[in-house]
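**Student:** Encoded as structure tokens, here's the structure I'll be asking about.
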Amino acid sequence: MMFKEYLLFAVSSVRHRQRRSWLTILGIFIGIAAVVGLISVSQGLNNAVSAQFQMIGTDVITIIPGRIGAGMGIGSAPLVDKDVKVIEGVRGVDVVAPVLARMTKATFSGEDVYTYAMGVPPDKIDKVMFSTQGIHIIEGRITPPSEKYGAVIGYSVTDDLFKHDVHVGGKLEIAGKSFKVTGRLSRVGNRQDDTQIYIQLDTAREIFDEPTKISTLMVKVKESSDPEAVAKDIKDKLKKSRGEEDFTVMTAQQLQETVQSVLGIIQVVLIGIAAISLLVGGVGIMNTMYTSVQERTRQIGIMKAIGATNEDIQLIFMVESGLLGLIGGAIGCTLGILLALGVEYGAAQAGFSALKASVTPELILLALGFSFVVGILSGTLPARNAAKMNPVDALRYE
Amino acid sequence: MPEHASKHEHTEVLIRLDKVRKTYALGKVMVQALRGVSLQVYRGEFVAIMGPSGSGKSTLMNTLGALDVPTGGKLYFEGKDLSKFSESELARLRGKKIGFIFQQFNLIPNLTAIENVALPMVFQGVPEKDRLARAKKLLVELGLEKRLNHRPMEMSGGEQQRVAIARAFANNPDVILADEPTGNLDSKTGKQIMSFLWELHLRENKTIIVVTHDPTIAGYAETLVNIRDGEIMHNHQASSQYLWPKARGVGKK
């Protein structure tokens, strides 16, 4: 018997038991849809994160108080102006910008929202924050140092953060003080960055009553210098100056690696959960095949009587279970892709437009192959049972 | 026990049973279905196996068809000792040399008539084109040209049994084994089925073995084998000569 005939026979048997076949296929395609959806979304997330870091550029070093992994930021001394001076003295450092970030209340036309206000020295903001992230002013200009209560708004502050149209030249209230909007930035692609408001560092210190504290130090490295080497020097100098290593120096690359390792763990956990559902789907196929073998005991007897060998019977049932798996896989892939596109759409609606679901041909082939193998494996034992049946007993079976 | 009469002296023995015994477990009881049966079936012969239910006639039938393996004794098909055959070899022998017709028709429900008839040829590796041509030819000969693409559920019992006959002849076997072929049919349809079998027997000189408890059906046979309690009681020719006209007229006595 040739493969084509097994396949046609399987198609006809599957169609003959439509409802049960669909339920079995359902068990598989939920698992496959989950796997395909999760992998393509998490891969897309990974790509988006990489792209964001790519935008930051590799020549930016970030210093935050506290040590990652050791009670980060809790109880550790804040970064201060003295640290800026120390870092400016490191070879290879181009610009150091102290940043004071605060979650604060902003009001426009009577509408209150909460967002991050970033206090950054106006003469350094473009070099350290904007141009390194690949964003620029699309309207208006960067707040000049003379304009104490001037603010640059992120792309999504208007129409998204606020329901109203916050236009350049308009008045915005931050922490109870009135600010004039001087410029608007281009889109970064994630909502948190795009809803930030940038003001002058000195003004921020005044309105938040934090005369010395610095949340983050942003350092731009000279083009000729190696960021990793500069980061190491900064760490050494700062440690000597502060007396202990109660801060973290991160290059863009390290930051990326840290974030991606976290994403990787999440990915593994999610795929693990999806794999369990796939396993359950496989058990479903096995169950259906056992029932199918039992139901068709008589048919097996007939086929043996008219010349089917044990191998023929075994293959007939395995092809059938493989087919169930494969159909489940195909539907699962389709649903998984739709799921991923749905997540992508949802993310874009929520302001995270940088997330693009990553559906690769490899992923599809892998999912289809895997579902086929699950089908075949689940069908092996029932098929062996069928093949071993005694034809006389099988024919007598009612 | 008297052997077959002289008309078979120059004819080839197709199937030979030599003191065949068959024991099987029915729950905790061991049942002796065949207690040393010896029998020869000649090529081209029409044999009827008769006996009450529980007499072992179905077991005898399954043994003759190489579906069941004897517990003791030997079974020879065309002189070959089948006890030396593997399961796969037996399957191939059945597919090629033996055609089965069952009381319950036993068609595959999800296949159409033509697919059912083609199935034994599939197992023999006959190319698709040849299979379908042969299946169609057989079905047309049996008057089923309008039922080629019907599934068993869409056909009457008589039609289903004719499909089963076509299937039994698919691989042009040496012997047809029919187990109560008319048992599920009304007498008119049953007679029709028997005359189909009879015609094929005459035209192609096919060996046909029919298991039945219906004396009318047995009337078609040239040789009658009576079995009771797993033993052959009588084994005789229905008549000293071929009595085809008698067979044909059996329905009206």
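**Student:** Just need log10 I(q)/I(0) for segment B:1-112 at q = 0.17 Å⁻¹, Debye formula, equal scatterers on the alpha-carbon atoms, no solvent, rounded to two decimals.
**Tutor:** Debye output, listed in q order: -0.95.
**Student:** Let me know the volume per residue of the alpha-carbon convex hull for segment A:196-236, in Å³.
**Tutor:** Measuring per residue, one finds 110 Å³ for the Cα hull of segment A:196-236.
**Student:** What FRET efficiency comes out for the pair residue A:360/residue A:26, r = Cβ-Cβ distance, R0 = 22 Å, nearest 0.05?
**Tutor:** With R0 = 22 Å, the Cβ-Cβ based efficiency is 0.30.
**Student:** Now for a different question. Could you pull out the trypsin sites (Lys or Arg not before Pro) across segment A:316-398 that fall in loop regions by DSSP (anything but H, G, I, E, B) with no more than 15 other Cβ atoms inside 10 Å?
**Tutor:** Taking segment A:316-398 and a limit of 15 other Cβ atoms within 10 Å, no loop trypsin sites (Lys or Arg not before Pro) are found.
**Student:** If you don't mind, another one. Short version: ³J(HN,Hα) in whole Hz for each residue of segment B:153-166, in order, from phi by Karplus 6.51 cos²θ - 1.76 cosθ + 1.60 (θ = phi - 60°), x for Gly and Pro, what are they?
**Tutor:** Computed from phi, the couplings for segment B:153-166 are 4, 8, 10, 6, x, x, 5, 4, 5, 5, 4, 5, 5, 4 Hz.
**Student:** Amide H to amide H under 5 Å from residue B:103: which residues, 5+ apart in sequence or cross-chain, H placed 1.01 Å off N in plane?
**Tutor:** Those lying under 5 Å, H to H, from residue B:103 are B:179.
**Student:** Of all the accessible heavy-atom surface of the protein assembly as shown, with the other protein chains kept in place and a 1.4 Å probe, what percent is carbon and sulfur?
**Tutor:** About 57 percent, which is the carbon plus sulfur part of the accessible surface.
**Student:** Is segment A:1-43 rounded, prolate or oblate when judged by the Cα gyration tensor, a ≥ b ≥ c being the square roots of its eigenvalues, rounded requiring a/c under 1.5 and prolate requiring a/b larger than b/c?
**Tutor:** Taking the square roots of the gyration eigenvalues as a ≥ b ≥ c, segment A:1-43 is oblate.
**Student:** To the nearest 10 square angstrom, how much accessible area does residue A:389 have with a 1.4 angstrom probe?
**Tutor:** Taking all protein chains as shown, residue A:389 has close to 40 Å².
**Student:** Also, I was wondering about something else. What do you get for the angle between helix B:128-141 and the principal long axis of chain B? Use alpha-carbon atoms, 0 to 90 degrees, nearest ten.
**Tutor:** For helix B:128-141, the angle is close to 80 degrees.
**Student:** While we're on this one: If one computes the Cα centroid of segment B:38-70 and of segment B:173-236, what distance in Å separates the two points?
**Tutor:** Here the two parts' Cα centres lie 11 Å apart.
**Student:** Same structure again: Any idea of residue B:185's accessible area? Nearest 10 Å², probe 1.4 Å.
**Tutor:** Number for this one is 30 Å².
**Student:** Just the number, please: buried accessible area between B and A, total of both chains, 1.4 angstrom probe, nearest 100 square angstrom.
**Tutor:** Separately minus together, B and A give about 2400 Å² buried.
**Student:** What whole-number volume per residue, in cubic angstrom, does the convex hull of the C-alpha atoms of chain A give?
**Tutor:** Cα-based convex hull of chain A, divided per residue, equals 188 Å³.
**Student:** Over all alpha-carbon pairs in segment A:225-302, figure out the percentage whose distance exceeds 13 Å.
**Tutor:** Within segment A:225-302, distances greater than 13 Å cover 79 percent of Cα pairs.
**Student:** Can you tell which of B:122, B:210, B:29 shows the greatest fluctuation in a Gaussian network model of chain B with Cα springs below 10 Å?
**Tutor:** B:29
**Student:** Please give the solvent-accessible surface of residue B:213 in Å², to the nearest 10, using a probe radius of 1.4 Å with every protein chain present.
**Tutor:** Spelled out: residue B:213, probe radius 1.4 Å, area about 120 Å².
**Student:** Using just the helices of chain B, give the 222 nm mean residue ellipticity in deg cm²/dmol: DSSP H runs with n ≥ 4 each add -39,500 (n - 2.57), and the total is spread over all residues, rounded to 500.
**Tutor:** Mean residue ellipticity at 222 nm (helix-derived): -10000 deg cm²/dmol.
**Student:** Rank A:163, A:127, A:180 by mean-square fluctuation in a GNM of chain A with C-alpha springs under 10 angstrom and give only the top-ranked residue.
**Tutor:** A:163
**Student:** Determine, for each peptide in A:235-243, A:188-196, the mean count of other beta carbons within 10 angstrom over its residues, then list the peptides with the highest first.
**Tutor:** Descending mean neighbour count gives A:188-196, A:235-243.
**Student:** Where Rh is the Kirkwood radius over the Cα pairs of segment A:277-332, the temperature 20 °C and the viscosity 1.002 mPa s, what D in µm²/s does Stokes-Einstein return?
**Tutor:** 176 µm²/s
**Student:** Charges only on Cβ, +1 for Lys and Arg, -1 for Asp and Glu: so what's the dipole of the protein assembly as shown about the Cα centre, in debye to the nearest 20?
**Tutor:** Value, rounded to 20: 2340 debye.
**Student:** Per residue of A:310-317, how many C-beta atoms from partner chains lie within 10 Å of its own C-beta, taken as a mean?
**Tutor:** 2
**Student:** Then there is this: Can you list residues from other chains, or at least 5 along the same chain, whose modelled amide H is less than 5 Å from the amide H of residue A:93?
**Tutor:** A:222
**Student:** Using a 10 Å cut-off around each Cβ of peptide A:389-395, what is the average number of partner chain Cβ atoms that fall inside?
**Tutor:** Shielding by partners across A:389-395 averages 5.
**Student:** Compute the long axis of helix A:227-242 from its Cα atoms, compare it with the longest principal axis of the Cα atoms of chain A, and write down the angle in degrees, 0 to 90, nearest 10.
**Tutor:** That works out to roughly 60 degrees.
**Student:** Counting GluC sites (Glu not before Pro) as exposed when in a DSSP loop with at most 15 other beta carbons within 10 Å, what is the longest stretch of chain B free of them?
**Tutor:** Maximal segment without exposed cleavage sites: B:146-253.
**Student:** Can you give the percent of C-alpha pairs in chain B whose distance is more than 24 Å?
**Tutor:** The answer is 47 percent, as a whole percent.
**Student:** Hey, another quick one. Give me the inter-chain shielding for B:104-113: mean count of other chain Cβ atoms within 10 Å, whole number please.
**Tutor:** Per-residue shielding by partner chains comes out at 5.
**Student:** For segment A:307-398, what percent of Cα pairs sit more than 22 Å apart?
**Tutor:** Cα-Cα pairs of segment A:307-398 separated by over 22 Å account for 51 percent.
**Student:** Report the normalised scattering of segment B:149-238 as log10 I(q)/I(0) at q = 0.25 Å⁻¹, calculated by the Debye formula with identical scatterers on the alpha carbons.
**Tutor:** The calculated log intensity ratios at q = 0.25 Å⁻¹ are -1.38.
**Student:** Kindly provide the helix-only [θ] at 222 nm of chain A, computed as the sum of -39,500 (n - 2.57) over DSSP H runs of four or more divided by all residues, to the nearest 500 deg cm²/dmol?
**Tutor:** Calculated from helices alone, the mean residue ellipticity at 222 nm is -18500 deg cm²/dmol.
The values are calculated or read from the model by the stated rules, or taken from the named source; none is laboratory data. Computed from a predicted structure; not experimentally measured. Using ideal geometry, Cβ is built from the backbone for each residue, glycine included, and neighbour counts are taken over all protein chains shown. Accessible surface is based on the protein model in full, side chains and every heavy atom, while ligands, DNA and RNA are left aside. Shrake-Rupley method; radii C 1.70, N 1.55, O 1.52, S 1.80 Å.
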